[in-house]
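In what follows, a single structure is set out as structure tokens and then discussed.
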Amino acid sequence: MSEPKGEQPEIPREVRKFVSAIDSLAMTVEAAMDSLEIAHKAAHKAYDSYIEKYADVSKRDGHEYVKIRSHEYCHQYGILGRELDRIHAAQNVVPQSFLAALVSRYDALLGGLVRGLFRLRPEALKSSERVFTFAQLAEFESIDSAREFVLEKEVEALLRKSHPEQFEWLEKKFEIQLRKDLPAWPAFVEITERRNLFVHADGVVSSQYLSNCRVEGVELDPKVKVGTVLTVNETYFRKAHRTLFEIGVKLSQVLWRKAIPNATKDADLELIYLTDDLLVEAKYELAKVLLDFADTTLAKRHASEWHRFTFLVNRALAYKLSGQIDKCAEILAGQDWTATADEFKLAESALLERLEAAAKLMKKIGTTGYPHKGDYLHSPLFSSFRKTPLFLLTFKEIFGDESHEEQLLPREPFQSKPN
């Protein structure tokens, strides 16, 4: 997706910053853990080799004991042991720190969203109960500067609340239900509560953690009790990333549409670009969750039929690419395609692998309509069709060549020109 020209509106800018930040954390933690594993193997090899050469190992009562043969070898043994201990500690601390950073980025998104919404809807600040002294009022240069001060105080107060309390505040302030039909909510609560344990209690489970999780419907492992030490492994971190990604994007979309009704078109386009990136990057589980949300929860709140069909097609594509062919067909079967534009008929034919029909529609659309040449070459929608001789022949007939070489084209979602 190429960046739009000019200054970006505040809300989509905050969402893009959030997505970029948590994706970078996911990428970096993976690289960090791989490096630590390499370091661990090397340190363990050096440690074991040193013991084999300069020590005797014995076992008593189920424990292993190391006896260094000579005092002169104890110093290096201590160095190797401490290095191994530090790597073991890092393998626990590093993913915990990254999880804390993940939640911090969500908090930053929430603060940015609320600031943006208040600036777009300053009347929402009228209910603020902030009281100023005359001296404080005298310091403000204008009503706008006073309003900005109130805004920052409201955001600070919001971010000091627990995450469930933040949602309660948002629901009351913007008169909207945010947690209804949100399956990711319990996982979100557990992740934020676990983050609190890492920051304040070194991961040791407290009665407050257990109580807060149970109140919000979190199904905890029966083995987790007060005093249990929680950790973060690769699987848990991936789940946390997906959950915060989902919650952050859904929250921004719902609040944006509720607070600024005339921003529906912009909100639709942001969600189209975002989910297209997920499809291109093969992040199908996240794509399915967000496209389900777009095609069902937001079904009657799209700016146009073009947007609705784009979400529908990409939702079906996400399921197909993840191997759920039947679900893809089910989604497509729920729509009457006879009166749709040719580009969407082409999408349906490609998804259902009706290749002759797809080729015919390609020729009908030609070089001037949508999809354009770059879509045929790069869009995941045509990934299966591109491998067939029929596609090669049709592509050559339309564009005069059969090149599949990468071209310096902006990466865009499959789409027709918006109305």
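The values are calculated or read from the model by the stated rules, or taken from the named source; none is laboratory data. Just so it is clear, the structure is predicted and the values come from calculations on it, not from any experiment. Please note: Cβ atoms are built from the backbone with ideal geometry, for glycine as well, and neighbour counts cover all protein chains shown.
Okay, here's what the table says:
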quantity: Complete set of residues in the stretch 194-211 that are at negative phi and in contact (Cβ under 8 Å) with a residue 24 or more places away in the chain; calculated: Arg194, Arg195, Leu197, Phe198, Val199, Val204, Val205
quantity: Matching option when the condition is free of Cβ contacts under 8 Å to residues at least 24 places away in the same chain and either under 22 Å from the mean Cα position of the chain (by Cα) or under 20 Å from Ser24 (Cα atoms) (or both), among Glu246, Glu281, Glu234; calculated: Glu281
quantity: From the options Lys288, Lys300, residue that is of a type in the set (Lys, Arg) and under 16 Å from the mean Cα position of the chain (by Cα); calculated: Lys288
quantity: Single condition Glu353 does not satisfy, out of (1) crowded, with 17+ Cβ neighbours inside 10 Å; (2) assigned to a loop (DSSP other than H, G, I, E, B); calculated: (1)
quantity: Only one of Lys300, Lys223 that is in the same structural domain as Val103 (by TED's automatic domain parsing) and not in a helix (DSSP H, G or I); calculated: Lys223
quantity: Verdict on Ala303 being out of contact with any strand residue (DSSP E or B) (no Cβ under 6 Å at 6 or more places or on another chain) and either farther than 30 Å from Ile11 by Cβ or modelled with pLDDT of 95 or more (or both); calculated: no
quantity: Considering residues of the stretch 232-257 that are buried (at least 20 other Cβ atoms within 10 Å of the Cβ) and either in contact with a Gly (Cβ under 7 Å, 6 or more places away or on another chain) or aromatic (Phe, Trp, Tyr) (or both) only, the residue nearest to Gln91 (Cα to Cα); calculated: Phe237
quantity: Test: residue in the stretch 34-50 that is more than 30 Å from Ser97 (Cα to Cα), surrounded by 11 or more Cβ atoms within 10 Å (Cβ to Cβ) and more than 47 Å from the chain's Cα centre (by Cα); calculated: no
quantity: Residue in the stretch 18-31 that is farther than 30 Å from Leu290 by Cα, assigned to a helix (DSSP H, G or I) and in contact (Cβ under 8 Å) with a residue 24 or more places away in the chain present; calculated: no
quantity: All positions within the stretch 174-192 that are closer than 17 Å to Trp256 by Cβ, in a helix (DSSP H, G or I) and in contact with an Asp or Glu (Cβ under 9 Å, 6 or more places away or on another chain); calculated: none
quantity: Any chance Val150 is part of a helix (DSSP H, G or I) and out of contact with any Phe, Trp or Tyr (no Cβ under 8 Å at 6 or more places or on another chain); calculated: yes
quantity: Evaluation of Trp169 against (1) under 24 Å from Gly116 (Cα atoms); (2) touching a residue at least 40 places away in the same chain (Cβ under 8 Å) (one fails), failing number; calculated: (2)
quantity: Index of the failed condition, Val229 passing every other in (1) surrounded by 14 or more Cβ atoms within 10 Å (Cβ to Cβ); (2) farther than 22 Å from Gly111 by Cα; calculated: (1)
quantity: Some residue of the stretch 370-377 being in contact (Cβ under 8 Å) with a residue 12 or more places away in the chain, aromatic (Phe, Trp, Tyr) and under 23 Å from Glu281 (Cβ atoms); calculated: yes
quantity: Tally of residues being surrounded by fewer than 15 Cβ atoms within 10 Å (Cβ to Cβ) and in contact (Cβ under 8 Å) with a residue 24 or more places away in the chain across the stretch 67-82; calculated: 1
quantity: Matching option when the condition is within 30 Å of the chain's Cα centre (by Cα) and in a loop (DSSP other than H, G, I, E, B), among Tyr319, Tyr370, Tyr376; calculated: Tyr370
quantity: Selection from the stretch 193-210 of residues that are surrounded by fewer than 16 Cβ atoms within 10 Å (Cβ to Cβ) and either in a helix (DSSP H, G or I) or of a type in the set (A, V, I, L, M, F, W, C) (or both); calculated: Val199, His200, Ala201, Val204, Ser207, Gln208
quantity: Criterion (within 30 Å of Glu246 (Cβ to Cβ), assigned by TED's automatic domain parsing to the domain that holds Arg195 and polar (S, T, N, Q)) met by exactly one of Ser49, Ser58, Ser70, Ser35; calculated: Ser35
quantity: Test: residue in the stretch 39-59 that is under 30 Å from Ile191 (Cβ atoms), modelled with pLDDT of 95 or more and touching a Leu at 6+ places or on another chain (Cβ under 6 Å); calculated: no
